[in-house]
Amino acid sequence: MDMWHDMEKYHKGKTPEGHDKLVIPLSPDEDGMVGRECHQDECQPKYFKIASHKPETEKQVEPNQEETSLEYLYCPYCGYKDGFQQFITKGQSEWVESMIYRDVAKTIQDMLGDTFKSSTPSSNKGFISISLQYKPGSLPSVRHYAENELKRIIDCDRCGRRYAVYGISMHCPFCGEGNLALHLDKSVDIIMSLIDCYDAIVNKAGKEAGYHLLGNSLEDCVSLFEGFFKIIYADKLKGKVSEDDRKDKLSKLRNSFQQPSKAEQIFKANLQLDIFSSIDDKDKTFLEYQFAKRHVITHNLGLVDEKFKDQVSTWQTAGQEVHLDANEIKQLLNLVKRVIVATIS
Ligand SMILES: [Zn+2]
Ligand SMILES: [Zn+2]
């Protein structure tokens with residue numbers, strides 16, 4: 001009797017230990033990518049995708065032909081390096097298990113069928129004659145499996161391979177190199193293209209909608225600064241302090257990096273690094289001023305309050321709507337980019 005049915009095509013002999021070896025190809029999604037997942041406890045958000053072949057490769061490749069030939073992968077989030085197979089995702093693992101389960105169930109059904117067929121009623125005297133008929137039930141279904149949608153797709157500028165991640169990641173899964181600058185360029189381009197829509201939004205939906213767009217763009221600039229500096233800080237602390245100390249320092253951060261001066265103090269105190277060495281005092285004041293505006297936008301409906309007046313010198317009086325300007329926000333975005341580039345290079 002055949003042990004494998006639908007899985008037979010994936011059966012590739014035995015392992016040195018004598019176990020059945022199954023090689024199951026993963027189907028790339030519509031972007032030509034397959035999912036991978038880091039299994040390090042501390043790692044977040046774990047899931048990423050890699051292209052099943054190089055972007056410049058025009059020829060069609062068999063699914064999984066190239067990725068199984070990859071000996072190692074790096075987790076783009078935490079940098080952990082391991083064999084390709086060790087990055088199997090929960091969804092893939094459940095899918096494979098369900099296929100194996102179905103095949104094994106089929107084997108058991110066949111076995112029972114054969115057994116019962118041989119139990120033909122006996123006509124010998126002195127024996128009870130029983131007629132049994134075995135009706136196989138429905139087989140367990142194969143679990144549906146689809147890759148998650150990841151919006152951020154990166155082409156590594158070192159090895160040329162393509163991958164997709166959630167948010168910002170430090171490493172290329174193929175070559176392990178740092179790709180933070182590529183992420184930064186993408187994020188800056190996106191925010192810049194939104195600010196460029198300002199005139200069109202005002203024409204279409206009015207000044208209030210335009211103000212809303214600028215407020216959001218200002219928040220995006222602050223989030224960019226905060227998000228990148230959190231990742232840079234976490235990375236630079238590695239090896240500098242014990243892992244427990246690192247976790248403690250990261251958990252104490254909260255939203256400190258929403259304030260440039262606090263970020264500056266923290267980097268100086270713990271990493272002896274001046275994150276504003278690339279800009280002058282005038283630019284630093286401008287940065288503080290714009291970040292304070294964002295606080296008013298987010299927490300006080302955009303109205304100037306006494307706290308804002310204490311933080312920065314402004315001609316605006318309390319209760320007035322804080323002034324936003326598209327060119328100023330572009331200037332802020334470029335400044336944030338310059339400060340981050342100087343810190344990662
Ligand atoms: Zn990881
Ligand atoms: Zn790479």
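Values in this text are rule-based calculations from the coordinates and carry no lab data. Note that the structure is predicted; figures quoted are calculated from it, not measured. So basically every Cβ, Gly included, is an ideal-geometry build from the backbone, and we count neighbours across all protein chains shown.
So if I take the centroid of the Cα atoms in the stretch 1-38 and the same for the stretch 130-172, what is the distance between those two points in Å?
13
List the cysteines in the chain whose Cβ has no other cysteine Cβ under 4.7 Å from it.
For the chain, the answer is 197, 221, because their Cβ atoms have no other cysteine Cβ under 4.7 Å.
At 222 nm, what value in deg cm²/dmol follows for the chain if DSSP H runs of at least 4 each add -39500 (n - 2.57) and the sum is divided by all its residues, to the nearest 500?
Calculated from helices alone, the mean residue ellipticity at 222 nm is -14500 deg cm²/dmol.
Would you mind getting me the FRET efficiency between residue 244 and residue 196? Use the beta-carbon distance for r and R0 = 45 Å, nearest 0.05.
Here the calculated transfer efficiency is 0.45.
Based on other C-beta atoms within 10 Å, arrange 112, 333 from fewest to most.
112, 333
Pick from 192, 99, 111: which is most flexible by mean-square fluctuation in a GNM of the chain where alpha carbon atoms under 10 Å apart are linked?
111
Mind checking which of 86, 320, 258 has the largest fluctuation in a GNM of the chain, springs on alpha carbons under 10 Å?
320
Relative contact order, percent, of the chain when contacts are C-alpha pairs under 8 Å separated by at least 6 residues?
Taking the mean separation of contacting Cα pairs over the length of the chain, I get 13 percent.
Any idea how far the Cα center of the stretch 173-216 sits from the one of the stretch 282-304, in Å?
The distance from the Cα centre of the stretch 173-216 to that of the stretch 282-304 comes to 18 Å.
Please report, for the Cα atoms of the stretch 211-275, the Rg to one decimal and the Dmax as a whole number; what are they, in angstrom?
Expressed in Å, the Cα Rg and Dmax of the stretch 211-275 come to 13.3, 46.
Using only the alpha carbons of the stretch 181-344, determine the length spanned along each of the three principal axes and report them from longest to shortest in whole angstroms.
Principal-axis extents of the Cα atoms in the stretch 181-344, largest first: 54, 36, 28 Å.
Using a 10 Å cut-off around each Cβ, can you sort 163, 134 from fewest to most neighbouring Cβ atoms?
Starting with the residue having the fewest Cβ neighbours, the order is 134, 163.
Using only the Cα atoms of the chain, what semi-axes does the equivalent ellipsoid have when each is the square root of 5 times a gyration tensor eigenvalue? Give whole Å, largest first.
So the equivalent ellipsoid measures 59, 23, 20 Å along its semi-axes.
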